[in-house]
Amino acid sequence: MPKGVPEVVPADGLTTRQRRNQPVLAVHTGPGKGKSTAAFGMALRAWNQGFDVAVFQFVKSAKWKVGEEAAFRTLGTLHEETGAGGAVEWHKMGEGWSWTRKHGTEEDHAAAALAGWQEIARRLAAEQHRFYVLDEFTYPLKWGWVDIDEVVRTLTDRPGNQHVVITGRDAPQALIDAADLVTEMTKVKHPMDAGRKGQRGIEW
C-alpha cells in the first residue's frame, strides 16, 4: 500500500468515503513484545478524534498498574473537564487470569472471563463505544473459557462503526480469518534473554 493507496479497489459498489469509514477489527498477536502497546497507540489516535474509548484487560491482575492506564484515565478526566478528545473507560476483568492464578479456581477465572465478554457483547449491541481494546483476550479464547464461534459472530455482526482491537499470543485462526487487520509481533531480541527483568518506563 504505497502512499496509502490500495493495490486493488474492490467492486463492492461503495464509494471511497464509505469504504474508508468501515469499522475495523484488528488483531495483534505473536510472541513478540508490543502487542498491547500498539493497541493503546491506536486508542490514543481514537481518543484524539473524539471517539469514546473502552479498554477491557482480560489477563493482567487488577492490582497491576500499567502506565497506559494512568495516562488514559488522565485523558478521560481531561475530556470530562474540557471536552477535549473522547470519553475513556478502563476495566480489569479479574485478579489475574494468566501468569499468576493465585485468587480463586480456574472455574472462577473462566466465569469472570465469560462475564467480561458478555458485557462487551452487550455494549457492542448497544453501540456504547466507538473504540474497544480487548487486551489479552486471545487467552480466554485459547483456554476455551469463551466460545470463539460466538465471539467471531458477535464481532462480525456488530452494528454501526465500532472499531475493535484484540491483543494476545496464539490468536485462534477463526479470529484471524474474521479480522480486517492482523499484525504478528515476532521477537528478534529481548532483554529477558540476557537475564534482565522488566523495568519502569519500558514494561509499565
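The values are calculated or read from the model by the stated rules, or taken from the named source; none is laboratory data. Quick caveat, the model's predicted, so the values are computed rather than measured. When we count neighbours, we look across all protein chains shown, and the Cβ atoms used for this are built from the backbone with ideal geometry, even at glycine. The protein model used for the area step is the full one, side chains on, heavy atoms only, and it has no ligands, DNA or RNA in it. Shrake-Rupley method; radii C 1.70, N 1.55, O 1.52, S 1.80 Å.
How long is the gain from Arg45 to Thr15 if the chain were fully straight, where each residue apart is worth 0.36 nm and the alpha carbon distance is subtracted? Full-extension gain reported as 8.4 nm. Sites listed here are trypsin sites (Lys or Arg not before Pro) in region 152-201 whose DSSP assignment is loop and whose Cβ has at most 14 other Cβ atoms within 10 Å: Lys187, Lys189, Arg196, Lys197, Arg200. Stretching Glu80 away from Lys187 to a fully extended chain increases their span by 34.6 nm, per 0.36 nm per residue minus the current alpha-carbon distance. Within the chain, the longest run free of GluC sites (Glu not before Pro) that sit in a DSSP loop with at most 14 other Cβ atoms within 10 Å is 8-126.
Checking the Cα-Cα distances for Lys35/Lys197; Lys142/Lys189; Lys92/Lys197; Lys92/Lys187; Lys142/Lys197 against a 21 Å cut-off, the pairs over it are Lys142/Lys189; Lys92/Lys197; Lys92/Lys187; Lys142/Lys197. Here's how it looks for Val88: its modeled amide H is under 5 Å from those of Val53, which are all 5 or more places away or on a different chain. Taking every DSSP bridge with both residues inside the chain, close to 5 percent are antiparallel. Counting only protein heavy atoms and using a 1.4 Å probe, the accessible area of Met185 comes to about 40 Å².
Taking all Cα pairs closer than 8 Å and separated by 6 or more residues, the relative contact order of the chain comes to 34 percent.
Any chance you could tell me what percent of the C-alpha pair distances in region 95-204 go past 25 Å? In whole percent, the long-distance tail amounts to 32. Towards the positive end of the charge dipole of the chain, with charges on Cβ (+1 Lys, Arg; -1 Asp, Glu), say which of Ala113, Val9, Gly32 has the farthest Cα. My answer, from the dipole projection, is Gly32.
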